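Quick note: the coordinates plus some simple rules give every number you see, no bench work behind them. These figures come from a predicted structure and were not determined experimentally. Positions of Cβ are backbone-derived with ideal geometry, glycine not excepted, and every protein chain shown enters the neighbour counts.
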Amino acid sequence: MRSQQTIKERVHFEGVGLHTGSYCKVTLHPAPVDTGVVFYRPCKKSSMAVNISTVVDTTYATTIGGDRVQVRTVEHLLAVVSALGITNLTIEVEGPEIPILDGSAFEIARLVMDVGIKKQKKAMPYIKIHQPVVLEDEHGKVAAYPYDGRKITFRLFFKNHFLGEQLLSFDLDRDSFVNEIAPARTFGFLRDIEYFRANGLAKGGSLDNAVIFSETAVMNSSGLRFKDECVRHKILDSIGDFSLVGLPIEGHIVADKSGHTMNVKFLNKLLACSDCWEVVSGQTQQSPYPVFSYSYT
Ligand SMILES: [Zn+2]
């Protein structure tokens, strides 16, 4: 039986949001079985369950929203939650965005690992892929294939740029995530910064929380953490985005130049193709997760 899990104690972190530039505070609270992952904004007394129906924007970050309230840039935190196997958690957020910290998910992963993860006395349902599901358009491709385990393969290709092609396959487990994926930082290009500023994006961005590339070099004096840091960060983003389905996915996700928008489109296609997967519960009662009672049209 795969157990549901939560954290052993509260975890707190705070800092500036990448896009809003607002100073935000986050407290992660342990939660009982069958809670799922829930965002809570105390100022509005508003809760939002993490599932695909609460995604309201995917422009350069993933934003979820509910009754009168939104939380931006949830993907790095959700990647940690998913990769570490945390299934029940209340995420209290003071402010409109999850802090970007150093641009990676390493600090959040370290804080969670420091307090520890607690197994709970109930099985964790998960989605098992039985038949391929493929979404492809002129920008890229995402597919899910049957596989015993959780695997992601990602390919990036930067045309006419020294970064060129980056390709990485990654079997998701707790330790390899913390060491190989969580430290990879958000990245961007010098040529795009004017556009971001003109469109009210990346107000909190700096060389302290993002890797910035010119046409010929890395702008950060400390250089890169990994030679292929960009594709590792895209895998981090994808783990967070794919957790929006509400349950872990057992299968091989293959992505080519995908981003938040395409990831969410793919999840909708996956959910609509109900012959291609099943929910493996390990229990006889109905899944407690409301995501599967929605209509995906
Ligand atoms: Zn990211």
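Counted over all Cα-Cα pairs of segment 143-211, pairs farther apart than 16 Å make up 65 percent. Once you divide the Cα radius of gyration of segment 161-200 by 2.2 N^0.38 Å, the number left is 1.68.
Taking each residue as 0.36 nm, the span from S176 to R2 lengthens on full extension beyond its C-alpha to C-alpha distance by 60.7 nm.
Would you please give the FRET efficiency between H12 and K45, computed as 1/(1 + (r/R0)^6) with r the Cβ-Cβ distance and R0 = 22 Å, to the nearest 0.05? Walk me through the intermediate numbers first.
Values: r = 20 Å, r/R0 = 0.91.
Step by step, r from the Cβ atoms, then E = 0.65.
For the chain, what is the mean residue ellipticity at 222 nm derived from helices alone (per DSSP H run of n ≥ 4: -39500 (n - 2.57); sum divided by total residues; nearest 500 deg cm²/dmol)? Write down the numbers at each step before the final one.
Values: 5 runs with 55 residues, N = 297.
The per-residue figure over the chain is -5500 deg cm²/dmol.
Restricting to segment 36-167, compute how many DSSP beta bridges are antiparallel as a %, nearest 5.
On the way: 17 of 22 bridges.
Taking every DSSP beta bridge within segment 36-167, about 75 percent pair in antiparallel fashion.
Summarising the strand pairing of the chain, around 75 percent of its internal DSSP beta bridges are antiparallel. If you wrap the Cα atoms of segment 1-154 in a convex hull and average its projected area over all directions, you get 10.2 nm².
Take the Cα of K159, step 7 Å toward its Cβ, do the same at D34, and the gap between the two points is 5.2 nm. Across all Cα pairs in segment 225-265, the calculated P(r) in 5 Å bins from zero up to the longest distance comes to 6, 20, 33, 23, 12, 5, 1 percent per bin. From the largest down, segment 56-112 spans 31, 25, 20 angstrom on the principal axes of its Cα atoms.
Any chance you could run the full-extension gain for D137 through S206? It's 0.36 nm times the residue separation minus the Cα-Cα distance, nm to one decimal.
Numbers: separation 69, 0.36 × 69 = 24.84 nm, distance 3.22 nm.
The span from D137 to S206 would gain 21.6 nm if fully extended.
Please tell me which of these pairs span more than 21 angstrom C-alpha to C-alpha: K128/K265; K128/K151; K8/K45; K44/K234; K25/K45? Please list the in-between numbers first.
Details: K128/K265 19 Å; K128/K151 12 Å; K8/K45 24 Å; K44/K234 32 Å; K25/K45 16 Å.
The answer is K8/K45; K44/K234.
Once R0 is set to 35 Å, what does the formula 1/(1 + (r/R0)^6) return for the Cβ-Cβ distance between R197 and V115, expressed as a FRET efficiency to the nearest 0.05? It comes to 0.40. From largest to smallest, the equivalent ellipsoid semi-axes obtained for the chain from the alpha-carbon gyration tensor read 28, 23, 18 Å. P(r) tail, segment 149-290: Cα-Cα pairs separated by more than 25 Å, 37% of all pairs.
Counting only complete DSSP H runs, which helices of the chain cover 15 Å or more along their long axis at the Cα atoms and score a mean Kyte-Doolittle of -1.0 or above?
Details: long enough: 229-242 (20 Å, -0.07); 260-272 (18 Å, 0.26).
Length and hydropathy pass: 229-242, 260-272.
Taking a ≥ b ≥ c as the square roots of the eigenvalues of the alpha carbon gyration tensor, segment 101-149 is oblate, as a/c is not under 1.5 and a/b does not beat b/c. Placing a label point 7 Å from the Cα of Y145 along the Cα-to-Cβ line, the residues of segment 223-247 whose backbone N sits under 19 Å from it are 235, 239. Value of Rg to Rh for segment 195-244, rounded to two decimals, is 1.02; Kirkwood radius and Rg both from alpha-carbon coordinates.
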